[in-house]
Structures are given as structure tokens and as C-alpha cells.
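Structure first, then comments.
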Amino acid sequence: MTAGEVCNRQVVFTRPDTSIVDAVDLMKAHHVGDVVVVREPDGERVPIGILTDRDVALAVDRLLRLPRLRVADVMSVELVTSPESDSLYDVLKKMQSHGVRRLPVINDRGGLEGILTFDDVIELLSEELTDLAKLVAKEQKREREVAR
């Protein structure tokens, strides 16, 4: 399974000159904890940063300037991304080693294709474990029927 197969392709994004207030409104409107910050050379959305709800919380000391703050003033610029072709295992290792819960997924031109979040992975694993549990239960039921 690859990052491109698992990622959410409905990515909420913004530009670095967006106000923090507008970015927070975007997060609230779309019920997400982040917006990917992009620039658009040649029409390709290229991620250059990410603004998370935690970034906003850590900017509390600047609250008085909040209406004038721009996304570029607060976003995380040491952006960790993953190509669509990376295996889910490699993406999880990358997330773990960099201590991030959200990771933009990019195409071979560096363009934004999706975002993979820790919550997405937990949901996927939960579905897989549920399927395995059903399989085990079905096998146990069949064995009981054969034993009768």
C-alpha cells in the first residue's frame, strides 16, 4: 500500500500571505486541524509549509497582532512530504522520525496530491483489524460446525 493510495486528496490549502484569521476560518469550515501552504508555479500547487492548529496555539503570545499575522509568519517551514509512491510503512516511519501527525503527499513534480494524517492511518488500521477479526470469527464458527 502506498501513500498515494491512502492519502486524502481533498486537501485544504492556502497561500503564505493569507491572514491567520482566514486560515483558522478555513480549518473550522472544513473541520481539519491544518492547512497546507502552497505556491503555484506553472499552475502546480507546490507545498512550502503547513499551518496546524498547534502552530496557531503556539502563537498565542502574538494574539494582539493576530489580525495582522499572515500564515507565513506562523507556519512550519521544515515541511516533511512524501511521494505518492512511498509505501505506507515508509511514510509512517518518516512521520515517526520527524514527529509529525500530518504529511502532504506530492507527485513527481513536487505538486500537492493529498495529505496523510495519523487519524487516517488509525482509521485504516481499525478497518483492517475489524476485517481480520471477522475472518477469525468466521473460521471459528466453521470449525465448530464441522466438529458437530
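Every read-out reported here was derived from the displayed coordinates using simple, explicitly stated rules and does not represent laboratory data. Because the structure is predicted, anything quoted here is derived from the model rather than measured. Ideal geometry is used to build each Cβ from the backbone, glycine not excepted, and the neighbour counts take in all protein chains shown.
Points worth noting:
- Which numbered condition R9 misses (of (1) farther than 25 Å from E128 by Cα; (2) out of contact with any Pro (no Cβ under 6 Å at 6 or more places or on another chain)): (1)
- Residues (of a type in the set (S, T, Y) and either assigned to a strand (DSSP E or B) or over 26 Å from V32 (Cα atoms) (or both)) located in the range 107-139: T117
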